[in-house]
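Visitor: One structure follows; several queries about it will come next.
The values are calculated or read from the model by the stated rules, or taken from the named source; none is laboratory data. These figures come from a predicted structure and were not determined experimentally. We place every Cβ from the backbone using ideal geometry, glycine too, and count neighbours over all the protein chains shown.
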Amino acid sequence: MIVSFIHRAIMQGIPLLFGATGEIVTEKSGNLNLGIPGVMYVGGISGVIGAFMYENSLPDKSMANPFLAIMIPLLCSLLGSLIMGLIYSFLTTTLRANQNVTGLAITTFGVGLGNFFGGSLIKIVGADVPSITLSTTSKFFSAHLPFADNMGWFGEIFLSYGFLAYLAVIIAIVTSLFLKKTRTGLNLRAVGENPATADAAGVNVSRYKYMSTCVGSMIAGLGGLYYVMDYVSGVWSNDGFGDRGWLAIALVIFTVWKPNFAIIGSILFGGLYIIHNYLNQFFPFIPVDMSTQELIKMAPYLVTVLVLIVNSMRNKRENQPPEALGLSYFREDR
Amino acid sequence: MENKAAVSFRHITKAFGSKVVANKDVSMDIMSGEILALLGENGSGKTTLMNMLSGIYHQDSGEIFVNGEEAYINSPKDAYALGIGMIHQHFKLVDVFTATENVALGMDKKTTGGAKEIAKAITEICDRYGFDVDPKKKVYNMTVSQKQTLEIVKALYRGANILILDEPTAVLTPQETDKLFAVLRNMKADGKSIIIITHKLNEVLAISDRVAILRKGEYIDSVITSEATVQSLTDMMVGQKVELDIERPEVEDKQLRLTIDHLTCLDKYGVTALDDVSLEAYGGEILGIAGISGSGQKQLLEAVAGLQEAQDGASITYIDPESGAKEELIGKSVTEIKKRGIALSFVPEDRLGMGLVGAMGMSDNMMLRSYEKGHSPFTDRKTPRDLANRVKDELEVVTPGISTPVRKLSGGNVQKVLVGREIASNPTVLMAAYAVRGLDINTSYTIYRLLNEQKKKGVAVIYVGEDLDVLLALCDRIAVLCGGKLNGIVDGRTATKEEVGLMMTNLNTEEKEGE
């Protein structure tokens, strides 16, 4: 039971890990992209559109080529979230619009866009239920190592996920090393801390902001793709993604802007997100009714608030948000 | 001469927006191996001109030649490639980075090597010119002087041969200034060209070889420093004769207005910023507060103003001039203090942050202090507008209109608006923090005159300053803070600059232990 809980917590945590890693990369450049929920949503629906096109182009779904079945949705998803990142960057970096307003607009826009295309696809299929199923594509996305099933709890906890889950962990580790060890990472952090300083040191601030926001969006978008293709086995239904995007942003704060912490953090958040379903199993002697379960759903957010409080009390400078987070930079500002 | 010039400006013009022309047809040379002081009032375009050389701005028209060749400087990177490094007034350092990381910023790893190589190079530069920088230290743990040193090392590391320093001594103690000047002389001996932007004429005379003067964005002339005097430079800078002596009128009847007892305050990081300070301020005198920036001046003034929480056991008593009634200020909020009729005025250090609202015009800013008066549901706009007009006329505030956002005014004019407003409220105690920071000499003297007028009216003036010459000339008594402790109070008439400078840096512990 514990094993299946951990397994579900990790499944639940992977989209958050993608989102948080993407948002960390973005925020390190000083761009507070509150559009992440929208970006992840678009990342999901773009993958769905790609998969739908591919599946429908086949005379018979059993003829699907595994490589194409993965690459087409993957590239569509990356492209979709890249476009969202570009819109955000253009508005905030080039036009210097307010980042909060832009971010919220991107979220609203992204969710609306996703529901529009999602709804359209459902109409095209003419399904009885308001959802669209892409089980062929999903099969490839969620394929895990065949021998994992024979390895007991170890297999279930560590080996039983689709490739995107491992990709999420690898991206988080690589991002962490990139920020800490490379010169480009150093420059990026400087842009987020003090863009005027970075500029005076010869760092192209706008380019860094664009790059990090776009790459960050693409990483976050993969979270949406993972959610629909693996977590829910290829079934898209409008608004099914829930508040995972906001949870990813909360996770960024929780991990004090460190992608390697986000790996553990995302599993913890994933666990807190679903623990209300497991309470009756873990503690059969305490009856938990529906309303209590609703209360327990607050857990990830409460933990984030607690971390915020503890962090601001400890006042360690390294654990604070990038200093110029949320501020637009203009060289000739006086 | 042309071939020896390190930098030549030719017909440089730069405007911000359509109204403000920062530089107008400036042509001048900087010779190699000289220390050139760039002198001018606020808004005379010194910093703008230098920012064009360092790639922050780009000129609207005109050419810049570096070492005889026309240079196209479009970014700070281009400037570095030409061997131009600028030390900005507000340091361009990332607080959470170490010294090494700050130096490495923006540079290619292929040319710099790893952290170890950079640290080694930093040590080499330090040894060569006599600096002291710890490569592993984080910037937020550094003192102002250390940060400045790091900035210079950073520029030298990038191979700067032409070094621009914007107001480098504004935040240094006299001792630190001497150290900086020694370093600058070393660099000059090494063949580097140095441009130093400053307001402080005695420093210009002490360090520079030549002085170039800008006035209202135009290049006036340059003179050999050894042939110049404070008076001649001031006249050239202002364009008219300026009275240079600071008055110190005597007021006979001094009344106790404010007593501060055992005041201890913490800063925002929970570190003791002000440690058991006891002071008295009298009406009809100017009490100077001297100290390296960050020695607790801010906390002292803000505690009196009701903005800073004091630790237990402290007491601040205000004595009303009319009734003689005593009021305890600790534990009272700003609003309470105001409601009880306690006439405090505070000119904070951070003019556009705490003092004025940058996006609002003069009259709206005047209203901030009086909006609670009156009983109709509508605001009274006429009184503040009249006050704004009065301040504008009396203090000669240069602004397109009283509704122009004050953010768009120059530093000196912003300060005039703030001081004008505070004085207009007829205070009993007037506190001013760094009232002339960044102001040109003409405006500074206007501010000193205003403070003296208040003193003559019997106001207790508390003046936190950084220029010791001014403190010694203006103040009746000077309280010296050192690391948050009161290190003694000296008489402004008899104390010397060296004495005060020493008190700022060395806590007088022996005397206290002996007691």
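Visitor: Condition test on A:V169, is it touching a helix residue (DSSP H, G or I) at 6+ places or on another chain (Cβ under 7 Å) and either in contact (Cβ under 8 Å) with a residue 60 or more places away in the chain or within 18 Å of A:G223 (Cα to Cα) (or both)?
Guide: When the stated conditions are applied, A:V169 passes them.
Visitor: Go through the residues of the stretch A:16-23 one by one and say whether even a single one is among the hydroxyl-bearing types (S, T, Y), within 21 Å of A:G118 (Cα to Cα), crowded, with 24+ Cβ neighbours inside 10 Å and in contact (Cβ under 8 Å) with a residue 40 or more places away in the chain.
Guide: No.
Visitor: Inside the stretch B:16-29, can you point out the residues that are part of a strand (DSSP E or B) and either charged (D, E, K, R) or within 13 Å of another protein chain (Cβ to nearest Cβ) (or both)?
Guide: Passing the criteria: B:F16, B:V20, B:A22, B:K24, B:D25, B:D29.
Visitor: Given (1) assigned to a helix (DSSP H, G or I); (2) within 26 Å of A:Y166 (Cα to Cα), identify the lone condition not met by A:T108.
Guide: Every listed condition holds for A:T108 apart from (2).
Visitor: Which residue is surrounded by the most Cβ atoms within 10 Å (Cβ to Cβ), if the candidates are limited to the stretch B:70-101 and must be of a type in the set (V, I, T) and either at the interface with chain A (Cβ under 8 Å from one of its Cβ atoms) or part of a loop (DSSP other than H, G, I, E, B) (or both)? Show your work before the answer.
Guide: Quick first cut of the stretch B:70-101, residues of a type in the set (V, I, T) only: B:73, B:84, B:87, B:94, B:96, B:98, B:100.
Retained after the next criterion (residues that are either at the interface with chain A (Cβ under 8 Å from one of its Cβ atoms) or part of a loop (DSSP other than H, G, I, E, B) (or both)): B:73, B:94, B:96.
Details: B:I73: 22, B:V94: 26, B:V96: 19.
Within the stretch B:70-101, the match that is surrounded by the most Cβ atoms within 10 Å (Cβ to Cβ) is B:V94.
Visitor: Could you identify the single residue in A:F261, A:F283 that is free of Cβ contacts under 8 Å to residues at least 12 places away in the same chain, more than 14 Å from chain B (Cβ to nearest Cβ) and surrounded by fewer than 17 Cβ atoms within 10 Å (Cβ to Cβ)?
Guide: A:F283 is the lone residue from the list that is free of Cβ contacts under 8 Å to residues at least 12 places away in the same chain, more than 14 Å from chain B (Cβ to nearest Cβ) and surrounded by fewer than 17 Cβ atoms within 10 Å (Cβ to Cβ).
Visitor: Of the residues that make up the stretch A:257-265, is at least one under 24 Å from B:V94 (Cβ atoms), touching an Asp or Glu at 6+ places or on another chain (Cβ under 6 Å) and either part of a helix (DSSP H, G or I) or among the small types (G, A, S) (or both)? Before the answer, list the steps.
Guide: Going through the stretch A:257-265, the residues under 24 Å from B:V94 (Cβ atoms) turn out to be A:257-262.
Filter again for touching an Asp or Glu at 6+ places or on another chain (Cβ under 6 Å), leaving none.
No: zero hits.
Visitor: Does B:V357 meet the test of being at pLDDT below 85 and either under 30 Å from B:G270 (Cβ atoms) or surrounded by fewer than 15 Cβ atoms within 10 Å (Cβ to Cβ) (or both)?
Guide: No.
Visitor: Name the residues in the stretch A:51-67 that are over 11 Å from A:T136 (Cβ atoms) and part of a helix (DSSP H, G or I), would you?
Guide: A:M53, A:S57, A:F67 - these are the residues of the stretch A:51-67 that are over 11 Å from A:T136 (Cβ atoms) and part of a helix (DSSP H, G or I).
Visitor: Just to be sure, is A:G22 in contact with a Leu (Cβ under 6 Å, 6 or more places away or on another chain) and either part of a helix (DSSP H, G or I) or closer than 21 Å to A:F241 by Cβ (or both)?
Guide: Working: in contact with a Leu (Cβ under 6 Å, 6 or more places away or on another chain): no; either part of a helix (DSSP H, G or I) or closer than 21 Å to A:F241 by Cβ (or both): yes.
For A:G22, the condition - in contact with a Leu (Cβ under 6 Å, 6 or more places away or on another chain) and either part of a helix (DSSP H, G or I) or closer than 21 Å to A:F241 by Cβ (or both) - is not met.
Visitor: Within the stretch B:30-69, can you find the residues that are over 22 Å from B:V204 (Cβ atoms), outside any strand (DSSP E or B) and among the acidic types (D, E)?
Guide: B:D60
Visitor: Considering the stretch B:143-186 alone, what residues qualify as being more than 19 Å from the chain's Cα centre (by Cα), more than 19 Å from B:I56 (Cβ to Cβ) and of a type in the set (A, V, I, L, M)?
Guide: B:L150, B:V153, B:L156, B:A182, B:V183, B:L184
Visitor: OK, next. Cβ-Cβ below 7 Å, separation at least six or inter-chain, first residue in the stretch B:102-130 and on the phi > 0 side of the Ramachandran plot and within 11 Å of chain A (Cβ to nearest Cβ), second in a helix (DSSP H, G or I) and at pLDDT 90 or above: which pairs?
Guide: Within 7 Å, the pairs are B:G106/A:N187; B:G106/A:A198.
Visitor: Same structure again: Which ones in the stretch B:138-159 are within 12 Å of chain A (Cβ to nearest Cβ), touching a residue at least 60 places away in the same chain (Cβ under 8 Å) and closer than 14 Å to B:H88 by Cα?
Guide: B:E151, B:K154, B:A155
Visitor: When you go through (1) hydroxyl-bearing (S, T, Y); (2) touching a Leu at 6+ places or on another chain (Cβ under 7 Å); (3) in the same structural domain as B:G358 (by TED's automatic domain parsing) one by one for B:S403, which number turns out not to apply?
Guide: Of (1) hydroxyl-bearing (S, T, Y); (2) touching a Leu at 6+ places or on another chain (Cβ under 7 Å); (3) in the same structural domain as B:G358 (by TED's automatic domain parsing), only one is false for B:S403: (2).
Visitor: Here is a follow-up. Does A:T107 count as surrounded by 17 or more Cβ atoms within 10 Å (Cβ to Cβ), within 15 Å of the chain's Cα centre (by Cα), under 26 Å from A:T255 (Cβ atoms) and not small (G, A, S)?
Guide: yes
Visitor: Is it the case that A:L222 is within 14 Å of chain B (Cβ to nearest Cβ) and on the phi < 0 side of the Ramachandran plot?
Guide: no
Visitor: Quick one: in the stretch A:163-210, which of the residues that are polar (S, T, N, Q) and either touching a strand residue (DSSP E or B) at 6+ places or on another chain (Cβ under 7 Å) or more than 14 Å from chain B (Cβ to nearest Cβ) (or both) is farthest from A:E318 (Cα to Cα)?
Guide: So in the stretch A:163-210, the residues polar (S, T, N, Q) come out as A:175-176, A:182, A:184, A:187, A:194, A:197, A:204, A:206.
From what is left, the residues that are either touching a strand residue (DSSP E or B) at 6+ places or on another chain (Cβ under 7 Å) or more than 14 Å from chain B (Cβ to nearest Cβ) (or both) are A:175-176.
On the way: A:T175: 17, A:S176: 15 Å.
This residue is A:T175.
Visitor: Name the residue that is surrounded by the most Cβ atoms within 10 Å (Cβ to Cβ), counting only residues in the stretch B:446-483 that are assigned to a loop (DSSP other than H, G, I, E, B) and under 19 Å from the mean Cα position of the chain (by Cα).
Guide: B:C475
Visitor: Got at least one residue in the stretch A:274-290 being farther than 30 Å from A:P66 by Cα, of a type in the set (D, E, K, R) and part of a helix (DSSP H, G or I)?
Guide: No: the stretch A:274-290 contains no residue that is farther than 30 Å from A:P66 by Cα, of a type in the set (D, E, K, R) and part of a helix (DSSP H, G or I).
Visitor: Now for a separate question. Specify which of the listed residues (A:P73, A:P59, A:P66, A:P130) is over 30 Å from A:V205 (Cβ atoms) and crowded, with 19+ Cβ neighbours inside 10 Å.
Guide: A:P73
Visitor: Among the residues in the stretch A:293-314, are any part of a loop (DSSP other than H, G, I, E, B), over 23 Å from A:G192 (Cα atoms) and acidic (D, E)?
Guide: no
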